[in-house]
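K.L.:
Sharing a structure with you now.
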Amino acid sequence: MDDRALLQHLIAGPATGDALASAAGQTRAAVWKRIEALREAGVAIEAKPGRGYALSQPLDLLDAEAIRAALTAPTRARLAALEVAWSIDSTNSELLRRPTPAQGVAVLLAERQTGGRGRRGRVWASPLAAHLYLSLSRSFGGGLARLGGLSLVAGIAAVEALQGLGYAAVRLKWPNDLVVLDGDGLRKLGGLLIEGGGEYAGPARAVIGLGLNVRMPAAAAASIDQPWSDLSGLAGGRVLARDTVAAALLERLLPALDEFDAAGLAPFLDRYAAFDALAGQAISVHGADATHQGIALGLADDGALRVRLDDGEERRFHAGEVSVRRAQGALG
C-alpha cells in the first residue's frame, strides 16, 4: 500500500492502526510514520480513541481517467497528454523540463507541490490533496511578443468555468489573479503563472500554470499573509469533486488557447471587462522606482492596464513591470 492507497483507506472512513497495518503489510509503527508524513504534507488526520485514524475534513483524490472521461470529445481531441502526479516540485517546472507537444496540449496536475510558486517569485501554498495545481504546455505561433496577454485569456477561461459551476462571485484582478469581492477588498482564490520561451517573431512555447484554492486546510491557512478564499467557503462548506472542477477548467481553457493562437487578445477584451474586479476602482500601482495612485480604466488592446492617475494623466502599465493593489482591502 502506497501513500495514495493509505489515504484512500482514510477517505473511506476511520481505520484503526491495526487495520491499516494489516492492509499495508507493515507494522503499526511504520503506519504511524506514514500518517505523520501525510500530516506534514498538509492532510489533517485525527487519532480518535476506539476508532483509530480519521480525516479531520473530507477530501478526494484526482483521477486522470475520470477527468478525461468528463471532457467532451472535441476537448479530448485537443489533449496530447493528461497526467496526475502524486508529489512534484512544481507542475510548471516539470512541463518546462519536458518537450512541448508538436500538436495539442499536455496537461499535468499534482496532488502536492513542494515548490509551488506564483508571479514575481511568490510562494504558493500547495498542501496535499487540498487544491488544484494544474499546468498546460502548448506551442503558439506569432512569437513571444504575442504571449503577453496569455494570462488574461487563461484567467477569463477559468472564471467562465467556475461561474458555470455556480461560483458566481469569482472575478479577475489584473494581471493574473482569480479573486472574490469582499466588501471593499478582494480575497485571492487562485493565480496564474505563464512561463516559456521561443523566438521573438517565430514559434513560441508556453506553460500556463493555475493554482486554485479548493478546500484550504487550517494549517496551510495560518501561513498565508493575504486575504484568501476557497471554493469550499464559497459554497458554504460544500464543494464539487476536484475532478469535476479540473474537467470544467480544461473544457474552457483548451478552446480559449486555440482562439488566442488564431486571433490574439482582441476577441477576449469584452469578456475580460465583464469580470474585471479593478475597473473604476482606486488603485495603487507599485513599480520598481515609484508608486502611482489612480483609477483603473480596464485593459488596453495589448492587455496593459489603463490607469487615470491622480494628476489626470492616463498611463498604461504592463504586467512584468508592476504589482497592483486596490486602495482599500489591498491584495498584492
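The values are calculated or read from the model by the stated rules, or taken from the named source; none is laboratory data. All values derive from a computational prediction rather than experimental measurement. Ideal geometry is used to build each Cβ from the backbone, glycine not excepted, and the neighbour counts take in all protein chains shown. Accessible surface is based on the protein model in full, side chains and every heavy atom, while ligands, DNA and RNA are left aside. Shrake-Rupley method; radii C 1.70, N 1.55, O 1.52, S 1.80 Å.
K.L.:
Quick one: which strands (runs of 3 or more DSSP E) sit completely within the range 230-332 and have at least 1 residues that are open to solvent by 40 Å² or more (accessible area, probe 1.4 Å) and closer than 29 Å to residue 134 by Cβ?
P.N.:
Answer list for the range 230-332: 282-286, 323-326.
K.L.:
Let me ask you something else. Looking at the range 66-78, which of the residues that are in contact with a strand residue (DSSP E or B) (Cβ under 9 Å, 6 or more places away or on another chain) and open to solvent by less than 50 Å² (accessible area, probe 1.4 Å) is farthest from residue 128 (Cα to Cα)?
P.N.:
My answer is 71.
K.L.:
State yes or no: is residue 209 more than 30 Å from residue 308 (Cα to Cα), open to solvent by less than 50 Å² (accessible area, probe 1.4 Å) and either of a type in the set (Ser, Thr, Tyr) or part of a strand (DSSP E or B) (or both)?
P.N.:
The answer is yes for residue 209.
K.L.:
Filter the range 95-111 down to residues that are out of contact with any helix residue (DSSP H, G or I) (no Cβ under 7 Å at 6 or more places or on another chain) and crowded, with 21+ Cβ neighbours inside 10 Å and give me whichever is nearest to residue 77 (Cα to Cα).
P.N.:
100
K.L.:
Another question, then. Yes or no: the range 130-141 includes at least one residue that is in contact (Cβ under 8 Å) with a residue 60 or more places away in the chain, of a type in the set (Gly, Ala, Ser) and within 30 Å of residue 222 (Cβ to Cβ).
P.N.:
yes
K.L.:
Can I ask one more? Would you confirm whether any residue within the range 153-160 is outside any helix (DSSP H, G or I) and closer than 24 Å to residue 244 by Cβ?
P.N.:
No - not one qualifying residue is present in the range 153-160.
K.L.:
Name the pairs whose Cβ atoms lie under 7 Å apart, with the first residue in the range 193-210 and closer than 14 Å to residue 175 by Cα, the second surrounded by fewer than 23 Cβ atoms within 10 Å (Cβ to Cβ) and β-branched (Val, Ile, Thr), and 6 or more positions between them or separate chains?
P.N.:
Sorted first by the residue in the range 193-210, then by its partner, the pairs are 208/194.
K.L.:
Among the listed residues 156, 194, identify the single one that is β-branched (Val, Ile, Thr) and open to solvent by 10 Å² or more (accessible area, probe 1.4 Å).
P.N.:
Sole residue among the options that is β-branched (Val, Ile, Thr) and open to solvent by 10 Å² or more (accessible area, probe 1.4 Å): 194.
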